[in-house]
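Just below is one structure, and these are the notes that go with it.
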């Protein structure tokens, strides 16, 4: 080992130790829990604990609510990621335009929801989404759309939460995109304009390739984020109505912390981990094909 | 500072930091011991009990010299918070538990049995049984809270009723009359993620909800069917709104506005109305027992007890605090503050409780509590209500729903069944 690499190990050792202690070790322990029937009875008396092998996974796959939770999560991610990234990119493109005044003010205003407490904003949004007195239904009424029971109709609850989540998180990726856009080469842009490329053509062939890597990163982070959606449905709807907003993580929280079936909950965590890993691998493959990585 | 001392005093940066740290630590320790005296007892309670119990503490501190640190725990998150605290060894010395949870917390060794029979004497009938596991009591009943219906006197009077009738058929006739007068409003507020109204109806029809030594669900019975049918009819006829707790931001305000006329609730709702008397004067509302199929019967209860953590280093002080909080005088004082009803029998001789508002509670209190005594009960209630919500929303028929509840309850009780079959628990 050279002197340099020794120094490198020395500097990273504290962080590595912490990661091993608070990340690797609990993960291994959770793996161990997922093959036991750890429940409140085991909390009372360790001798009630049994090894069940893959029993938890078999149970989960025959639990309708788990499939519902998977379906809901897929819906959240499938609709939410394009919504959130689309909103971020649109806002960033608007902010990047040279004709916009007071850019710092807009940046702050649009970024503010991201750094506000999720519970406080969820309560405000619950008022906004109220069927009778909510501002959103009032606005819809002005353009002739009847009141929507946002948080009480199982078909409207996921869109309602998606609107809230998108509003809450798009500011972060917007800032990232603003930075990426400022790095788009101006000479290429001008050359394209001289060659008569349309506004869409310039976006498609100059801007998009330049911000491709950023887009990929945003997509990976957003997918991982949406697959782990928990706080928003927990605060807004408590999983309802008719369990239409129960996500995988919400299911895991209920099983694990509310009812203390930690064996079952660890199995859910493992499945979620594999899901996120799988989706990320697919995304990186796509990224490689376009030479964004 | 070793090197510095050897070479004479040489104020290196490291020495300064070490010395400064030691100084700060010693000041900190001295500061603590000088100011506080005995460490405070930690006490957790939910909802209004948590908010208002600091008012009962100065007397205790004056008498014993022990300060008490009260933490108000939100009731919707209390179960997971307390379980997690037990697993992490962070339970407070004294805690308020809903009586239905005591079996669970006693089993996991979180709470200790009463030191003697004296504390459990003078308790209203029925309240003590819920704290008893085997032949020992694990908590001192603090309050009794049977469910009753709060009603708007003025709205009922306009439809020709002095008070809500006490049997289902006449109650529904009244409800239809109210609905006819105010078609845009509702009669009853029973939130779709709130199981207690339906549980009350199940108790009233005499349904036995678990079978085989409480190891399997028993919802496919005529009694349960009758309760579900009545419950469903309230939503079908538009007498109750299909609303969740997350949609109703201010139930008391809605009651004051006449959005609904009847609210099944607990004694502490009296405090809610007292606080908002500018919107809803005392003359505008009354209390009656819950209507049953042929008159009132057992209803859901939310009794609470005080328990002492099994790991408290100061059990004597902790039990002294329990004794203080559950004295008849303090329970009566709490009743004046938050509406909570005393669990001490002797408190009920006080004229304070001989009012028309309290009378329905006093009558309801004498009914037995048929809730099954298994530690999965809390979860079974919630699962049952989730299915009931789907029935109300038309996603399931009653028969499909009851079969689904039995399946879910069987799954929830699987572990208990295995342990009962193995003879490890009763």
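Please give the length that would be gained between residue B:400 and residue B:122 if that part of the chain were fully extended, namely 0.36 nm times their separation in residues minus their C-alpha to C-alpha distance (nm, one decimal). Present the calculation step by step, with values, prior to reporting the outcome.
Details: separation 278, 0.36 × 278 = 100.08 nm, distance 4.64 nm.
Between residue B:400 and residue B:122, full extension yields an extra 95.4 nm.
Remark: mean inter-chain Cβ contacts per residue of A:38-47 equal 5, using a 10 Å Cβ-Cβ cutoff to other protein chain atoms. Classification of the range B:274-359 by its C-alpha gyration tensor yields a prolate form. The axis ratio a/c (a ≥ b ≥ c) is 1.5 or more, and a/b outweighs b/c. Averaging Cα coordinates gives a centre for the range A:131-179 and one for the range A:212-249; these two points are 15 Å apart. Given 4 °C and 1.567 mPa s, compute D for the protein assembly as shown with the Stokes-Einstein relation, Rh being the Kirkwood radius over Cα pairs; round to the nearest whole µm²/s. Roughly 44 µm²/s, to the nearest whole number. In terms of its alpha-carbon gyration tensor, the range A:98-138 comes out oblate; a/c meets the 1.5 threshold, while b/c is at least as large as a/b. Structural descriptor for chain B: relative contact order 23 percent, calculated from alpha carbon pairs under 8 angstrom and at least 6 residues apart.
Peptide A:251-257 has a mean of 2 when you count, residue by residue, the C-beta atoms of other protein chains within 10 Å of its C-beta. Dividing the Cα radius of gyration of chain B by its Kirkwood radius returns 1.08 for Rg/Rh. Note on the range B:136-177: Rg/Rh from C-alpha atoms, Kirkwood Rh, equals 1.30. Scoring B:313-319, A:246-252 by mean Cβ neighbours within 10 Å over their residues and listing the highest first yields A:246-252, B:313-319.
Stokes-Einstein diffusion of the range A:7-62 at 25 °C, 0.890 mPa s viscosity, Kirkwood radius from Cα pairs, rounded to a whole number: 181 µm²/s.
As a ratio to 2.2 N^0.38 Å, the alpha-carbon radius of gyration for chain A is 1.23. What is the range B:205-335 by shape, rounded, prolate or oblate, if you read a ≥ b ≥ c off the alpha carbon gyration tensor as root eigenvalues and call it rounded for a/c under 1.5, prolate for a/b larger than b/c, and oblate otherwise? Oblate shape, in that a/c is at least 1.5 and b/c is the bigger or equal ratio. Here r is the Cβ-Cβ distance between residue A:1 and residue A:274 and R0 is 60 Å; the resulting FRET efficiency, rounded to 0.05, is 0.95. For the residues of B:412-419, the average number of beta carbons from a partner chain within 10 Å of their own beta carbon is 3. In units of the rule-of-thumb radius 2.2 N^0.38 Å, the range B:261-405 shows an alpha carbon radius of gyration of 1.33. The alpha carbon centroids of the range B:149-200 and the range A:44-113 are separated by 42 Å. For the range A:1-140, the Kirkwood hydrodynamic radius from C-alpha pairs, put into Stokes-Einstein at 4 °C and a viscosity of 1.567 mPa s, yields a diffusion coefficient of 60 µm² per second. Every Cα-Cα pair in the range A:55-99 was counted, and those over 16 Å apart are 59% of them.
Peptides B:46-56, A:156-166 ranked from most to least packed by the mean count of surrounding Cβ atoms within 10 Å: A:156-166, B:46-56. Here the average projected area of the convex hull drawn through the C-alpha atoms of the range B:380-420 stands at 2.7 nm². For chain B, the longest principal axis of the Cα atoms and the long axis of helix B:222-236 meet at an angle of about 90 degrees. Return the FRET efficiency for the residue pair residue B:407, residue B:278: r is the Cβ-Cβ distance, R0 is 41 Å, and the value is rounded to the nearest 0.05. After rounding to 0.05, the efficiency reads 0.25. Debye-formula intensities of the range A:146-286, expressed as log10 I(q)/I(0) at q = 0.09, 0.11, 0.15 Å⁻¹, are -0.44, -0.61, -0.90 (one equal scatterer per alpha-carbon, no solvent). The value of relative contact order for the range A:60-289, using C-alpha pairs under 8 Å at least six residues apart, is 28 percent. Rounded to 0.05, the FRET efficiency of the residue B:216 and residue B:373 pair, given R0 = 25 Å and the Cβ-Cβ distance, is 0.95. Taking every DSSP helix (H) stretch of at least 4 residues in chain B, weighting each as -39,500 (n - 2.57) and dividing the sum by the residue count yields a mean residue ellipticity at 222 nm of -13000 deg cm²/dmol.
Bear in mind that the values in this text are calculations on the coordinates, not laboratory data. Because the structure is predicted, anything quoted here is derived from the model rather than measured. Backbone-built Cβ (ideal geometry, glycine too); neighbour counts: all protein chains shown.
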